[in-house]
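Here the structure comes first, spelled out in structure tokens, and everything after it is commentary.
The values are calculated or read from the model by the stated rules, or taken from the named source; none is laboratory data. Since the model is a prediction, treat every value here as computed from it, not as a measurement. Positions of Cβ are backbone-derived with ideal geometry, glycine not excepted, and every protein chain shown enters the neighbour counts.
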Amino acid sequence: MSTITRWDPFRGLSTFQEQMNRLFEDAFFRGRPDESALTTWAPAVDIYETEHELVVKADLPDLNEKDLDVRIENNVLTIRGERKFEKSVSEDNYLRVERLYGSFSRSFSLANTVNTEAIKAEYRNGVLTLHIPKHEEAKPKQVKVSVSGNGK
């Protein structure tokens, strides 16, 4: 007795794509890694707000401060930089290259409530931290409410 199988034109496609991915990975990692073959990257960024400021933290390991450019124009924060491929190790000695290298640029729109003139930046342990204070009028204010005892 034969089984009837429904024809699926995409059945072998995932296998073909996996084979192509493996082909390119093998060619890249067995070949010589050069800077032109390396993919561009975008650093991971956390942004959070406190009562008094906006804080931006960007993971930028193995970057020199001189390779960083932080700007605010028209209330858009832009972080640019470049992580360079290490030339101190011979390219023939690399067995695997997974870290990404090259230029990057990340931009974020800022609310009008922040004071871009008083921004503070620090770069420590591979993390860039930007402290962007809020304008005084944007900070929350507490209003004291008095309650009368007779309900009027």
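Observations, loosely collected:
- Residue within region 103-117 that is in contact with a His (Cβ under 9 Å, 6 or more places away or on another chain), surrounded by fewer than 12 Cβ atoms within 10 Å (Cβ to Cβ) and either modelled with pLDDT under 75 or assigned to a loop (DSSP other than H, G, I, E, B) (or both) present: yes
- Qualifying residue in region 26-36 (condition: at pLDDT 80 or above and either surrounded by 12 or more Cβ atoms within 10 Å (Cβ to Cβ) or in contact with a helix residue (DSSP H, G or I) (Cβ under 7 Å, 6 or more places away or on another chain) (or both)): no
- Residue in region 3-17 that is modelled with pLDDT of 65 or more, of a type in the set (Ser, Thr, Tyr), farther than 30 Å from residue 134 by Cβ and surrounded by 10 or more Cβ atoms within 10 Å (Cβ to Cβ) present: no
- Among residues of region 60-73, those that are loosely packed, with under 13 Cβ neighbours inside 10 Å and either in contact (Cβ under 8 Å) with a residue 24 or more places away in the chain or more than 26 Å from residue 113 (Cβ to Cβ) (or both), counted: 5
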